[in-house]
C-alpha cells in the first residue's frame with residue numbers, strides 16, 4: 001500500500017494512462033477488424049460452395065457429396081457468425097476499457113482535492129474508498 005505522502009508528489013513518469021489506453025483501444029479495434037474481414041471471407045467462400053455442386057453426379061456418392069457440401073457451407077456460416085460476434089464483443093470491450101480508464105483519470109484529475117481527501121483519510125486512519133469491478137464478487 002502506498003504511503004500517504006505518495007499522493008503529494010509529482011505524477012508518475014512514463015506514458016500517460018490516456019496514451020496507453022488509446023493505443024490499447026486502437027489495437028483491440030484493429031483486432032476486431034481482422035475478425036470482421038475473416039468472417040466476410042468465410043461468408044464469401046460459403047456463397048461460392050454451391051457452385052461446386054456437380055449436377056451431373058448421380059447416385060449415393062453424389063448425395064453424400066451434396067450432404068457434405070451443405071454441412072461445410074453451414075459450418076463456414078456458423079464460424080463467420082462467431083467471428084462477427086467476437087468482433088462486436090472486442091469493440092464493446094475496447095469501449096468499456098476506455099470508459100474505465102477515463103473514470104480513473106477523472107479521479108486522478110481531482111488534483112489537490114483528491115490529494116487532500118486521501119491525506120485526511122490517511123491521517124484519520126480510515127482507508128480510501130475502493131472500486132471493485134463489476135462481477136468480481138466471488
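Observations on the structure shown:
- Region 36-70 - residue that is at pLDDT 95 or above and exposed (fewer than 13 other Cβ atoms within 10 Å of the Cβ) and, of those, farthest from the chain's Cα centre (by Cα): 44
- Condition met for residue 61 (in contact (Cβ under 8 Å) with a residue 60 or more places away in the chain, in a helix (DSSP H, G or I) and farther than 20 Å from residue 87 by Cβ): no
- Residue within region 111-120 that is surrounded by 12 or more Cβ atoms within 10 Å (Cβ to Cβ), closer than 30 Å to residue 19 by Cα and either touching a strand residue (DSSP E or B) at 6+ places or on another chain (Cβ under 9 Å) or modelled with pLDDT of 90 or more (or both) present: no
- Residues within region 71-85 that are exposed (fewer than 14 other Cβ atoms within 10 Å of the Cβ) and within 28 Å of the chain's Cα centre (by Cα), tallied: 6
The values are calculated or read from the model by the stated rules, or taken from the named source; none is laboratory data. This one's a predicted model, so the numbers in the text were calculated from it and none came from an experiment. With ideal geometry, Cβ positions are generated from the backbone for all residues, glycine too; neighbour counts draw on all protein chains shown.
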